[in-house]
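Accompanying notes for the structure given below.
The values are calculated or read from the model by the stated rules, or taken from the named source; none is laboratory data. Remember, it's a predicted structure, so these values are computed and weren't measured experimentally. Cβ sites come from the backbone with ideal geometry, for glycine too, and all protein chains shown count toward neighbours. Note: areas computed on protein heavy atoms with side chains; ligands, DNA, RNA excluded. Shrake-Rupley method; radii C 1.70, N 1.55, O 1.52, S 1.80 Å.
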Amino acid sequence: MLRRFRLEEPETVKDASALLARYGEASRIYAGGTELLLAMKEGLIQYERLINVKKIPGLDRVELENGVVRIGALTTHRSLENDPLLRQQLPAFGQMERNIANVRVREMGTLGGNLCFAEPHADPGTLLMVLGAKLMAEKTSSKREIAAEQFFVDAYETCLEPDELLTEIRIPSTPRRAGVAYLKFGYLERPSVGLGLFLAWNGADTITEARVAVGCAGPKPRRVEESEGLLKGKTSKEASALLGRAGEIAGRAADAISDLHGAADYKQHIVGVLLKRAFQQILQDRSSKA
Ligand SMILES: Cc1cc2nc3c(=O)[nH]c(=O)nc-3n(C[C@H](O)[C@H](O)[C@H](O)COP(=O)(O)OP(=O)(O)OC[C@H]3O[C@@H](n4cnc5c(N)ncnc54)[C@H](O)[C@@H]3O)c2cc1C
């Protein structure tokens, strides 16, 4: 049962941060409420004061500025999956959004809420890491930019300070000779394993940049630099022959745990399978564009 709480409705980010500073651990930001209210109803967490940020204007926009897509933290999954700018600039992101949860959760749930809750079985963090995204955090007195890789500290824990809000997610547009894929596997409502891959080539078919990230299998999403190092500097054919090894490394790096979503060694294996498929998907997209 949901216990009584007070609702604050600030109209600016600074006011919301000031409320967090004033009420401390007894308060929490409330966006779509899809995670927060569920956990409160189940008695897993309790707050005396919820700070509804949905009345703060300007935090639910998607804009393109100097080659960077800027997504307000309060943008819902539903509007992201249908956003024409996102579809054009970052199709892999729109695709990932379409496959989150169910339509009811996507209608209410925000991208910011997903990232700030840091539930391990979530998709966006993994993809944002390979896209080179930056997360903007703000409080009364300051603003800072956090690389997606630095944002997640552990399961349900981010590097946000107690009075900081996530306000925006900034994603550079994907360069012309590059491709991105995000694939996931699962049999429950939330994913068991997620894998993101970004590859960029020069004109001579050499991979100039490779980014690999794994998520859902362990407590937090993470980049796998060792797998990236194997693929970088290789031609597509050479890299293809190294995918088995790159996948094994990524599987180990996922820090998989056994839970309802699958056994750790199974999840580790799936990481390798998804890496091969993501690589093939990017190559296919690339040849269909050529
Ligand atoms: C049934 C179900 C299935 C799901 N399946 C998936 C899935 O397949 N893949 C996936 O990725 N996710 C999945 N999710 C998670 C879903 O994406 C999140 O529930 C949703 O995005 C959370 O957003 P919200 O706005 O409702 O957050 P809220 O519930 O309002 O908040 C969540 C947490 O984030 C904090 N918070 C929110 N916004 C901010 C902010 N701007 N700054 C600071 N702190 C903030 C809140 O204080 C709270 O602690 C699923 C959820 C459910 C309930």
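Exactly one condition in (1) closer than 18 Å to residue 71 by Cα; (2) within 9 Å of the ligand (Cβ to nearest atom) is false for residue 156; which is it?
Among (1) closer than 18 Å to residue 71 by Cα; (2) within 9 Å of the ligand (Cβ to nearest atom), the lone unmet condition for residue 156 is (1).
How many residues does the stretch 202-221 contain that are more than 16 Å from the ligand (Cβ to nearest atom) and in contact (Cβ under 8 Å) with a residue 40 or more places away in the chain?
Qualifying residue count, the stretch 202-221: 2.
Name the residues in the stretch 159-170 that are within 13 Å of the ligand (Cβ to nearest atom) and in contact (Cβ under 8 Å) with a residue 24 or more places away in the chain, would you?
Scanning the stretch 159-170 gives 160, 161, 162, 163, 164, 165, 166, 167, 168, 169.
When you scan the stretch 227-290 for helices (runs of 4 or more DSSP H) that lie fully inside it, which ones turn up with 3 or more residues that are open to solvent by 90 Å² or more (accessible area, probe 1.4 Å) and under 23 Å from residue 96 (Cα atoms)?
Ranges flagged: 264-289.
Do any residues in the stretch 172-195 that are touching a residue at least 12 places away in the same chain (Cβ under 8 Å) and within 16 Å of the ligand (Cβ to nearest atom) have Cβ atoms under 6 Å from those of residues that are among the aliphatic types (A, V, I, L, M) and in a loop (DSSP other than H, G, I, E, B), where the two are at least six apart or on different chains, and which pairs are they?
193/217
Name the single residue, out of those in the stretch 110-130 being in contact with a Ser or Thr (Cβ under 8 Å, 6 or more places away or on another chain) and closer than 15 Å to residue 191 by Cβ, that is least open to solvent (accessible area, probe 1.4 Å).
Here the answer is 118.
So residue 4 passes all but one of these: (1) more than 21 Å from the chain's Cα centre (by Cα); (2) at negative phi; (3) modelled with pLDDT of 95 or more. Which condition number does it fail?
(3)
Whether any residue in the stretch 171-180 is over 26 Å from residue 12 (Cα atoms), open to solvent by less than 10 Å² (accessible area, probe 1.4 Å) and under 14 Å from the mean Cα position of the chain (by Cα) is what I want to check.
Looking through the stretch 171-180, none of the residues is over 26 Å from residue 12 (Cα atoms), open to solvent by less than 10 Å² (accessible area, probe 1.4 Å) and under 14 Å from the mean Cα position of the chain (by Cα).
Kindly indicate which of 255, 285, 265 is modelled with pLDDT under 95 and assigned by TED's automatic domain parsing to the domain that holds residue 211.
285
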